[in-house]
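Below is one structure; the comments refer to it alone.
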Amino acid sequence: MRNTFINTLCELSEKHDDIFLLCGDLGYSVLEGFAQQFPERFLNVGIAEQNMTQVAVGLALEGFNVFTYSIGNFPTLRCMEQIRYDVCYHEANVKVVAIGAGYAYGPLGVSHHTTEDIAMLRSIPNMTVCAPADPIEAKVVAQFMASHDGPGYVRLNKAGEACAHSETQCLELSPGKLIEVAGGRDVAVLVNGAILGSVMGDLKQSGVPWAVFSVPFVGSYDIDEIKRLGQHFSRIITVEEHQLNGGFGSSIVEAFSDLYADSKIGHMPRIQRIAIPNQFIGVSGTQSYLRRAMGLVLPREIL
């Protein structure tokens, strides 16, 4: 997924001469192509992510569309003050790209687990937050961010994810939109990010005829799409590789609650959130192992 995103960024940079890429002394075997092709628009700022964010804002104010690139926590949690005051307050054209969503760097422990980022970033005004589920979504998100004027956050996995759907399904992908990955009835499973593949595997193994939607952009949902979900499904399950508090599932609950409070829907569907319990994990392991250890699976009792 990360390779697809960067390769697409390289292709876009041939047409968009305002794209500038910064990294925090990583990305080896991934970023060399961009650096070699556009050396005047690439800078390794070293292990100094807060400084990288401020450099990005300076470049943005000079007319560049700047992408910062680093491992999960480091361009996000470490840089929240810079993102809030420098990027979002000034509506600077800076896109924060975090590699290693959730437990992607599982063996390295909590310092490299990216599990609170969406809750923190989606609460800041002017920030567009997204977590693509597969290489196709990553490509479309790169195209969107290359044209989007303003702050953005892209959360990428790095485990060689398989494509979950066709490129034609993503042609109209934009903030607020849901992508139907599998048709079904009774229950709609809404998934944010690269855990989609795992969810699809669980459903295939169980054989339940549920609908599955990929929701890469978090927040500002299309009202008509949310209404349709409520009309067609009495039960909704959200799945994410993120803390339960404040993440993708919370944003879906908020969307339905606001519509219900405004009398735009007549009832609230039953919504179940599957996410990381609000606690740190005390062990290290592969992403797959940690997902299951923290309950990021569709429970057998509901399948």
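The values are calculated or read from the model by the stated rules, or taken from the named source; none is laboratory data. Note that the coordinates shown come from a computational prediction; the quantities given were computed from them, not determined experimentally. Note: ideal-geometry Cβ built from the backbone for every residue, glycine included; neighbour counts use all protein chains shown.
If you check residue 198 against the conditions, is it out of contact with any Pro (no Cβ under 8 Å at 6 or more places or on another chain) and assigned to a helix (DSSP H, G or I)? Walk me through how you get there before you give the answer.
Working: out of contact with any Pro (no Cβ under 8 Å at 6 or more places or on another chain): yes; assigned to a helix (DSSP H, G or I): yes.
When the stated conditions are applied, residue 198 passes them.
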**Single residue of the stretch 41-77 satisfying the filter (touching a strand residue (DSSP E or B) at 6+ places or on another chain (Cβ under 9 Å) and either outside the structural domain of residue 123 (by TED's automatic domain parsing) or of a type in the set (D, E, K, R) (or both)) that is nearest to residue 147 (Cα to Cα)** = 41
**Prompt:** Among the residues of the stretch 109-127 satisfying the criterion of being in contact (Cβ under 8 Å) with a residue 60 or more places away in the chain, surrounded by fewer than 17 Cβ atoms within 10 Å (Cβ to Cβ) and not β-branched (Val, Ile, Thr), which is farthest from residue 95 (Cα to Cα)?
**Reply:** 109
**Request:** Search the stretch 193-227 for residues being over 25 Å from residue 116 (Cα atoms) and either under 14 Å from the mean Cα position of the chain (by Cα) or among the basic types (Lys, Arg) (or both), and hand back the single one that is modelled with the highest pLDDT.
**Result:** 227
**Request:** Could you list, in sequence order, all residues of the stretch 203-212 that are β-branched (Val, Ile, Thr) and in a loop (DSSP other than H, G, I, E, B)?
**Result:** 208
**Selection status of residue 73, touching a Ser or Thr at 6+ places or on another chain (Cβ under 6 Å) and not aliphatic (A, V, I, L, M)** = yes
**Request:** For residue 139, indicate whether it is basic (Lys, Arg), surrounded by 15 or more Cβ atoms within 10 Å (Cβ to Cβ), touching a residue at least 24 places away in the same chain (Cβ under 8 Å) and touching a Lys or Arg at 6+ places or on another chain (Cβ under 8 Å).
**Result:** no
**Item:** Subset tally (residues that are surrounded by fewer than 17 Cβ atoms within 10 Å (Cβ to Cβ) and of a type outside the set (Asp, Glu)) for the stretch 13-34
**Value:** 6
**Prompt:** Going through the stretch 90-108 one residue at a time, which ones are part of a helix (DSSP H, G or I) and without any contact (Cβ under 8 Å) to a residue 40 or more places away in the chain?
**Reply:** none
**Asked** So how many residues does the stretch 228-239 have that are surrounded by 15 or more Cβ atoms within 10 Å (Cβ to Cβ) and of a type outside the set (Gly, Ala, Ser)?
**Response** 6
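Taking the residues in the stretch 32-79 that are among the charged types (D, E, K, R) and under 22 Å from residue 18 (Cβ atoms) as candidates, determine which candidate is modelled with the lowest pLDDT. Full working, then the answer.
At the first step, the residues of the stretch 32-79 found to be among the charged types (D, E, K, R) are 32, 40-41, 49, 62, 78.
Imposing the further condition that a residue be under 22 Å from residue 18 (Cβ atoms) reduces the set to 32, 40-41, 62.
Numbers: 32: 91, 40: 96, 41: 96, 62: 96.
Looking at the filtered set, the residue picked out is 32.
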**Prompt:** Among the residues of the stretch 272-284, is any in contact with a strand residue (DSSP E or B) (Cβ under 9 Å, 6 or more places away or on another chain), buried (at least 17 other Cβ atoms within 10 Å of the Cβ) and of a type in the set (Val, Ile, Thr)?
**Reply:** yes
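Taking into account only those residues within the stretch 244-255 that are touching a strand residue (DSSP E or B) at 6+ places or on another chain (Cβ under 7 Å) and surrounded by fewer than 21 Cβ atoms within 10 Å (Cβ to Cβ), which is farthest from residue 133 (Cα to Cα)? So that I can check it myself, show each step before the final result.
Pass one, the stretch 244-255, residues touching a strand residue (DSSP E or B) at 6+ places or on another chain (Cβ under 7 Å): 244, 247-249, 251-253.
Okay, now just the ones that are also surrounded by fewer than 21 Cβ atoms within 10 Å (Cβ to Cβ), so 244, 253.
Details: 244: 19, 253: 21 Å.
Looking at residues that are touching a strand residue (DSSP E or B) at 6+ places or on another chain (Cβ under 7 Å) and surrounded by fewer than 21 Cβ atoms within 10 Å (Cβ to Cβ), I get 253.
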**Complete:** Filtering the stretch 43-69 for residues that are free of Cβ contacts under 8 Å to residues at least 24 places away in the same chain and surrounded by 18 or more Cβ atoms within 10 Å (Cβ to Cβ) leaves a count of 1
**Asked** Is it the case that the stretch 246-254 has a residue that's under 16 Å from the mean Cα position of the chain (by Cα) and modelled with pLDDT under 90?
**Response** no
**Request:** Evaluate the following for residue 192: is it under 20 Å from residue 154 (Cα atoms) and surrounded by fewer than 22 Cβ atoms within 10 Å (Cβ to Cβ)?
**Result:** no
